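Have a look at the structure below before the remarks.
The values are calculated or read from the model by the stated rules, or taken from the named source; none is laboratory data. On a predicted model such as this, the values are computed, not experimentally measured, just so you know. Cβ: placed from backbone, ideal geometry, glycine included. Neighbour counts: every protein chain shown. Ligands, DNA and RNA are excluded from the accessible area calculation, which covers all protein heavy atoms including side chains. Shrake-Rupley method; radii C 1.70, N 1.55, O 1.52, S 1.80 Å.
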There are 2 protein chains.
Amino acid sequence: MFPVPEPMRRALDAARDAALAGEVPVGAVVVKDGVIIAVGANAPRALCDPTAHAEIQAIRAAALALGSDRLEGCDLWVTLEPCAMCAGAIAHARISRLYYGAADAKGGAVEHGPRFFGQPTCHHRPDIYAGIAETEAAGILREFFASRR
Amino acid sequence: MFPVPEPMRRALDAARDAALAGEVPVGAVVVKDGVIIAVGANAPRALCDPTAHAEIQAIRAAALALGSDRLEGCDLWVTLEPCAMCAGAIAHARISRLYYGAADAKGGAVEHGPRFFGQPTCHHRPDIYAGIAETEAAGILREFFASRR
């Protein structure tokens with residue numbers, strides 16, 4: 001078996017941290033020139049912020065770190081297929097490559113629902129790589145929801 | 001002519017403030033029980049935050065003020081048709097009613113592009129009222145872009 005790439009490993013760790021905090025376990029990181037420059041964990045409840053998905057947290061931190069609202073040349077790694085909000089943010093941030101883990105048939109907006117990046121009005125489309133460590137990413141989510149029943 | 005409702009008036013003022021700051025002029029407010037509880041102006045450049053659209057700014061401020069990531073019973077007024085990112089945030093926040101001004105054929109995601117709230121996977125759909133003070137809202141945008149040419 002091939003090892004999980006380091007950025008996805010870090011995103012999975014962030015997802016586990018979210019679970020420990022009682023949040024739906026999704027994690028994300030932003031990478032520039034091979035270096036992780038931001039990590040985000042899903043935290044809408046703790047932060048009282050409905051927009052605080054892992055991707056948004058990582059993108060906001062990366063943009064602040066770089067001093068620009070454009071993350072050109074940056075990659076986003078996230079454990080779950082992004083929703084419409086996050087897909088829109090990825091386009092606004094001009095993320096170059098999107099790597100994600102588990103697909104999300106209910107809330108995903110990349111290969112499900114609005115299929116945002118395939119819309120003719122989408123002004124920026126990253127290269128997209130899906131299914132990275134998807135079993136582990138989906139397992140963390142499944143375990144979280146099972147423990148709450 | 002009917003007067004522009006007070007929340008849209010405030011959103012238009014916020015859009016003008018954004019223009020003065022050199023940002024694409026879009027403004028938004030959140031209303032609860034007839035009271036404006038948050039105002040947001042588009043500010044991605046000033047804040048180095050690609051997610052800092054007017055709607056996101058207003059939603060985040062309102063959620064923080066209410067101490068909850070759910071804005072149930074709250075209305076959002078915004079001068080421009082929301083993009084996919086903002087439409088997703090509106091759904092996550094459980095906004096009850098969405099009132100907007102100008103349509104946005106290029107970036108809008110309500111009546112254009114992904115038509116987010118019409119997707120079967122959309123988990124929350126506000127009541128939607130479009131075209132409120134649309135001439136004024138569109139005029140502020142047109143004037144901003146004309147002045148930059």
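Selection of the range B:1-30 for residues being assigned to a strand (DSSP E or B) and closer than 17 Å to residue B:144 by Cβ yields B:27, B:28. When we screen A:97, A:115, A:60, A:148 for residues that are among the basic types (Lys, Arg) and at pLDDT below 95, the only hit is A:148. Residues in the range A:93-107 that are under 11 Å from the mean Cα position of the chain (by Cα) and either open to solvent by less than 20 Å² (accessible area, probe 1.4 Å) or under 17 Å from residue A:25 (Cβ atoms) (or both): A:98, A:100, A:101, A:102. Listed conditions (1) in contact with a His (Cβ under 8 Å, 6 or more places away or on another chain); (2) open to solvent by 20 Å² or more (accessible area, probe 1.4 Å); (3) under 13 Å from residue B:84 (Cα atoms) are all met by residue A:115, apart from (1). Of the residues making up the range A:1-27, those that are aliphatic (A, V, I, L, M) and more than 17 Å from residue A:47 (Cα to Cα) are A:1, A:4, A:8, A:11, A:12. Scanning the range B:69-92 for residues that are open to solvent by 40 Å² or more (accessible area, probe 1.4 Å) and within 9 Å of another protein chain (Cβ to nearest Cβ) gives a single hit, B:70.
Taken over the range B:37-66, the criterion of being open to solvent by 50 Å² or more (accessible area, probe 1.4 Å) and more than 13 Å from the chain's Cα centre (by Cα) is satisfied by B:37, B:45, B:46, B:47, B:64, B:65, B:66.
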